[in-house]
Amino acid sequence: MSRASDLAIRTRGLRKVFSGKVAVRNLTLEVSRGEVFGFLGPNGAGKSTSVKMLLGLVFPTGGEAEILGCPAGHVGTRRRVGFLPEHFRFYDWLTSVELLKLHGRLYGMSHAALRERIPALLELVGLAPHRDKRLRDFSKGMMQRIGLAQALLNEPDLIFLNEPTSGLDPIGRRLVRDIIKAQRERGATVLLNSHLLGEVEVTCDRVAFIKDGEVLETRQLTEDAEQTTVSLRALRVTAEVVNGLSQWSRSVCSEGERLRLTLSSPAQLPEVVRYLVAKGVDVYEVTPYRRSLEECFLEIIGSDGGL
Amino acid sequence: MGVWIMAAVTFREASRKKILWMALAAGAAFLVLFATGLHFQGKDFAAHGMSPVLRREITFAMLTMGLYAVDLLAVLMTILTSVDTLSGEIASGTIQAVATKPVARWQVLIGKWLGFVAMLTAYIAFMVGGVNVVTYAIAGVIARHLVRGCFLIWMESLILLSVTFAFATYFSTLTSGVLALGLHGLAFLGGWIEQFGALTQTQRAVRVGVIASVLMPSESLWRRAAFEMQSPLANAMRISPFSTLSVPSTAMIVYAAIYMGVALALAIRRFSQRDL
């Protein structure tokens, strides 16, 4: 359990009911400061509603939520928070610079600070050549980029990114990854809500799997990177041999000629093979592979997606 | 600070989206038409050798008619321009980027309200001022208590603005517009029923009108404005179609101000407590 002061986000039994329909059942979550945290779940799992409750856009029916040590929705705390909504849209008669100026002023930033910050941000998100273009002439990807820029204006301690790569091309996606990485290096906490598991896998330190408004499991991805699952085709595998494998793996599965086990490091694999040979097992095939986040997702959430 | 930022952006929106400029252009066209009518009317008076007193009274009646049209335009302008600002932004999600900034929701709402107040003030000043300038230039007549009358028309717009905002925090754009216009329509009809009741001395009809004014005091402000701006003779003799037989009292104006405050408070309360 982390100390409250180390936490960027803390929720206890958070619940939201819309007209009798439960959107978030019981969300209990802790996200440490400086962490890049992924929010995963099928459509309708309650991810967006949870994010909105943390931002004070939606009022919880029950439970409690804190961000940066203050109750969710606290006006003063918002000065330290950035938010990119899903499908960012804003007054289309504004230019890029005007939009950032307006949001900067709402953050309470001075004109002098904005004069420095806005060109740098436009450069960062690749919109510097479009600084005087009106939003009505922007493509979907450009809207997402300017939305990202407004979320980073105040150099926030906590950033909520709701489907940040929506509408972006591969270059834009790469840009988002780099920005998240830079924010982590700066010490900011990022909560990433995305359907693109590949994006989450390469950017997040930890993820929560959510279904029906509840956290089913949280998983450390940086530790997982070392974990290796091995599939073996072997004959003469006895129950004693399978039991012996538990010294390397907590999950050993034997089905006919197939043995499957998860090792905490690939370095353990030669030891396992030596052990099997020593026990008189005929080993025909050894295939190590890393379980993808998608496989974890399907295993935890289930293929029905909860709909 | 957040209030002024939102007020400025709301006013700029009206300007950038050409709402204000189009309204002023349409208003200018209205003034040209009004001036043309008044000009020919004046020529006709001269040809018929009409007495100066009658000529002055008819000009006053035309001025009141012009102001009546301005009042109706201001009502429509208020509702049509402001009805989408909250409900539309809530429905599209645009409001989320603003509501997550370190600005209280009441500041967002009041800021938007003030932005519209500025726009409506400019519009009403231009239109009421324009009608009076034209009438003075052509016929040498100006509304009797111009500032008082203009203030009452402005107040009528502000009531409708506050009511539209209150509806928009509960309902969709279309529903809010229908409700706000419907409520004003109720007051409008109630006002005429009250007038006819006073003319025929039917107390129950007068009471229906008063109840309608209590439900929505916007129309009673126009009737008081008409009373303030018309010639004393027209008011006394009841010779103009806009003569007010049943003049709304000062208490009704105070009630209208309280009504506006309550509508605005309801809008703030609902907007601050609703999910976005």
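At 15 Å minimum axial length over the Cα atoms and a Kyte-Doolittle cut of 0.0, report the qualifying DSSP H helices in chain B, or say none.
B:2-16, B:19-48, B:52-92, B:105-139, B:146-168, B:173-199, B:203-215, B:250-273
For the stretch A:227-272, report the translational diffusion coefficient in µm²/s to the nearest whole number, using Stokes-Einstein at 25 °C, 0.890 mPa s, and a Kirkwood Rh over Cα pairs.
For the chosen part, D equals 231 µm²/s.
Over 20 Å intervals from 0, what percent of Cα-Cα pairs in chain A sits in each interval?
The calculated distribution, bin by bin, is 29, 47, 20, 4.
Exposed loop sites here are GluC sites (Glu not before Pro) in DSSP loop states with at most 15 other C-beta atoms within 10 Å. What is the longest stretch of chain A lacking them?
Of all site-free stretches, the longest is A:1-225.
Between the stretch A:115-184 and the stretch A:50-108, how far is it from one alpha carbon centroid to the other, in angstrom?
16 Å
Among B:G130, B:P52, B:G191, which residue has its Cα furthest toward the positive end of the charge dipole of chain B, with +1 on Lys/Arg Cβ and -1 on Asp/Glu Cβ?
The residue sitting most towards the positive pole is B:G130.
If I take every Cα pair under 8 Å that is 6 or more residues apart in the stretch A:1-118, average their sequence separation and divide by the length, what percent do I get for the relative contact order?
23 percent
Hey, how much of the P(r) for the stretch A:24-84 falls beyond 17 Å, as a percent of Cα pairs?
Considering the stretch A:24-84, 40 percent of its Cα-Cα pairs are separated by more than 17 Å.
Once you compute Rg and the Kirkwood Rh from C-alpha atoms, what is the Rg to Rh ratio for chain B? Show your work: numbers first, answer last.
Working: Rg = 20.3 Å, Rh = 19.8 Å.
Across chain B, the Cα-based Rg/Rh ratio is 1.02.
Can you list residues from other chains, or at least 5 along the same chain, whose modelled amide H is less than 5 Å from the amide H of A:E217?
A:F209
Determine how many Å³ per residue the convex hull of the Cα atoms of the protein assembly as shown encloses.
With only Cα atoms used, the protein assembly as shown gives 181 Å³ per residue.
Measure out, as a whole number of angstrom, how far apart the alpha-carbon centroids of the stretch B:189-211 and the stretch B:105-140 sit.
Between the Cα centres of the stretch B:189-211 and the stretch B:105-140 lies a distance of 30 Å.
Counting alpha carbon pairs within less than 8 Å and at least 6 residues apart, what relative contact order, in whole percent, applies to chain A?
RCO, chain A: 21 percent.
Suppose a student asked you for the relative contact order of the stretch A:60-151, using Cα pairs under 8 Å spaced at least 6 residues apart; what percent would you report?
37 percent
Take the Cα atoms of the stretch A:163-217, build their convex hull, and give its volume per residue in Å³.
Looking at the stretch A:163-217, the number lands at 84 Å³ per residue.
Compute the Rg/Rh shape ratio of the stretch A:31-146: radius of gyration over Kirkwood radius, all on alpha-carbon atoms. Show your work: numbers first, answer last.
On the way: Rg = 16.3 Å, Rh = 16.3 Å.
Reported Rg/Rh, Kirkwood definition of Rh: 1.00.
Using the Cα atoms as the points, what is the convex hull volume per residue of the stretch B:29-131 in Å³?
Details: hull volume 10.1 nm³, N = 103.
Looking at the stretch B:29-131, the number lands at 98 Å³ per residue.
Taking just the alpha carbons, could you work out the radius of gyration and Dmax for the stretch B:49-189, both in angstroms?
Rg, Dmax (Cα atoms, Å): 18.9, 70.
Are there trypsin sites (Lys or Arg not before Pro) in the stretch A:241-295 that DSSP puts in a loop and that have at most 11 other Cβ atoms within 10 Å, and which ones?
A:R250
Could you give me the ³J(HN,Hα) list for the stretch A:19-31, computed from phi with Karplus coefficients 6.51, -1.76, 1.60 and θ = phi - 60°, whole Hz, x at Gly and Pro?
6, x, 9, 7, 9, 10, 8, 6, 9, 10, 8, 9, 10
Mind listing the phi-derived Karplus ³J(HN,Hα) values for the stretch B:95-104, rounded to whole Hz, using 6.51, -1.76 and 1.60 with θ = phi - 60°, and x for any glycine or proline?
5, 4, 5, 8, 5, 9, 8, x, 9, 5
What translational D, rounded to a whole number of µm²/s, comes out for the stretch A:214-298 from Stokes-Einstein when the hydrodynamic radius is the Kirkwood one over Cα pairs, at 4 °C and 1.567 mPa s?
95 µm²/s
Say each of A:V75 and A:C253 gets a label point 7 Å from the Cα, pointing the same way as Cα to Cβ; how far apart are those two points in nm?
5.5 nm
Can you pull the three principal axis extents for the Cα set of the stretch B:150-230, in Å, largest first?
Its Cα atoms span 42, 28, 15 Å along the three principal axes.
Antiparallel DSSP bridges in the protein assembly as shown: what percent, to the nearest 5? The partial results should precede the final answer.
Numbers: 39 of 57 bridges.
The antiparallel fraction comes to roughly 70 percent.
Too long at a 22 Å Cα-Cα cut-off: which of A:K52/B:K17; A:K16/A:K47; A:K16/A:K211?
Beyond 22 Å between Cα atoms: A:K52/B:K17.
How big, on average over all directions, is the shadow cast by the Cα convex hull of the stretch A:171-259, in nm²?
Mean orientational projected area (the stretch A:171-259, Cα hull): 9.1 nm².
Quick note: the coordinates plus some simple rules give every number you see, no bench work behind them. Computed from a predicted model, the values in this text were never measured in an experiment. Neighbour counts are summed over all protein chains in view; Cβ atoms, including those assigned to glycine, are modelled from backbone coordinates with ideal geometry.
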